[in-house]
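For reference, the structure is listed below as structure tokens.
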Amino acid sequence: MCGNSCADEYAEPQIGTVTNEASQKQQKGDSRMKLGFLYAGQGSQHPGMGADLYEAYPAFRSVIDGADVDFDLKTISFSDPGGVLNQTRYTQPCMVAFAAGLTAVLKEKGILPAAAAGLSLGEYSALHAAGVFDAQTAIRTVAFRGKAMEKAADGRPSAMKAVLGLGREALQEACEEASSEGCVVIANYNCPGQLVIGGEKDAVEKAAVLAKEKGAKRCLPLRVSGPFHTPLMAPAGEALETYFRNMDFAPMQIPVIFNCIGSEKQEEDSIASLLVRQVQSSVYMEDSIRYMAGMGMDALVEIGPGKALSGFAKKIVPEMPVYAVETKEDVEALCAKLKENA
């Protein structure tokens, strides 16, 4: 059984679609164009991510070059000659550096979020966007997190699978029925028709078979290196709890919607406690996106490699515009679109 589970501002003129005045209004939550930023999580990384941004934007370059980690973050992100980018100890700081750099680029252009959320690892980027961490603190923190998660997974056969076309209740039943084989839980509630299970390998395999019997269309293995967001990550949660004791968390300047509750934090919750909880419990991304939409956002902007969160959002809130930003071309397209809608 499972058990219980900032980058520098530049002095150049604002050339984006949200003016300085509008940017200030967004921070106060009263802009005409309220943007919800969604930050990608692990699984969407790929060699080459950010290379064009590095060449084009000093703000992005500053974040990448300033990364205080014990490996060549730029080389692994841009070319990955050793094939290690998918290992979580490298994935996490590379992804957060990418997100922080791109957030700095958008900020330079006057494009700021009215609220932020992120998928798993992306929550740290959301907190950076909210002013809780500066860029380098966020990168260092997830570098520690990645190592802690890797250690927690070491030596334990595990797996994660995306389950397509099955509801929450039926998949929960499959997990409970498969628990005789070990720990298996719903780790991610991504969007209608896409859930993720994770845990010990045999139990995950059994739950996947049962899910197919209950009507799931497909069960796809995920490209991750551990049973993330399951009780098997409890040792990583303990390590983070200790690490956070020596950290300062600045006040949030915009609302952040947290993974493990699918909403803003309650007064009694601390950011540290929610991050400790997050690493070892389910991610409610569908709930988070619905909550953000309910805050009156005019559009959602996905920041990160890939378009996974854009796909989720289009299923969850199909009436809302969603823009995915990964490349220089995407940045320019977003500026043009926002100017068109201003």
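The string of couplings for the range 196-204 from the Karplus curve (6.51, -1.76, 1.60, θ = phi - 60°) is 10, 10, x, x, 6, 3, 4, 5, 5 Hz, one whole number per residue in order, with x for Gly and Pro.
Could you compute the net charge surrounding residue 286? Neighbours are other residues with a C-beta less than 14 Å from the C-beta of residue 286; K and R count +1, D and E count -1. Working shown, then result.
Values: positive: 168, 290, 314, 315; negative: 287.
The answer is +3.
In the chain, the calculated helix contribution to ellipticity at 222 nm averages -13500 deg cm²/dmol per residue, counting -39,500 (n - 2.57) for every DSSP H run with n ≥ 4. Per atom type, the chain shows carbon and sulfur on 47% of its accessible surface, probed at 1.4 Å. Which whole-angstrom value gives the distance between the alpha carbon centres of the range 126-175 and the range 67-122? The range 126-175 and the range 67-122 have Cα centres spaced 15 Å from each other. Under the definition of Cα pairs under 8 Å and six or more residues apart, what whole-number percent is the relative contact order of the range 179-273? Worked out over the range 179-273, it gives 20 percent. For the chain, what is the percent of antiparallel DSSP beta bridges, rounded to the nearest 5? So the antiparallel bridges amount to about 55 percent of the total.
Put simply, the convex hull of the Cα atoms in the range 286-325 casts, on average, a shadow of 2.5 nm².
Amide H contacts of residue 299: 34, 36, each under 5 Å away and 5 or more positions distant or on a separate chain (H built 1.01 Å from N in the peptide plane; Pro and chain starts excluded).
Normalized C-alpha radius of gyration of the chain, against 2.2 N^0.38 Å? Spell out each step's value before the answer.
Numbers: Rg = 19.3 Å, N = 342, 2.2 N^0.38 = 20.2 Å.
Against the empirical 2.2 N^0.38 Å value, I get 0.96 for the chain.
Here the peptides 288-300, 117-129 are ranked by packing, the mean other Cβ count within 10 Å, and the order with the highest first is 117-129, 288-300. When the listed pairs 265/315; 147/214; 307/337; 315/339 are checked against a 28 Å cut-off, the alpha-carbon distance exceeds it for 147/214. Largest first, the three principal axis extents of the alpha carbons in the range 50-130 are 38, 28, 19 Å in whole numbers.
The values are calculated or read from the model by the stated rules, or taken from the named source; none is laboratory data. Since the model is a prediction, treat every value here as computed from it, not as a measurement. Heads up, the Cβs are rebuilt from the backbone with ideal geometry, glycines too, and the neighbour counts pull from every protein chain shown. Quick note on the areas: whole protein, heavy atoms, side chains included, nothing else; ligands and nucleic acids left out. Shrake-Rupley method; radii C 1.70, N 1.55, O 1.52, S 1.80 Å.
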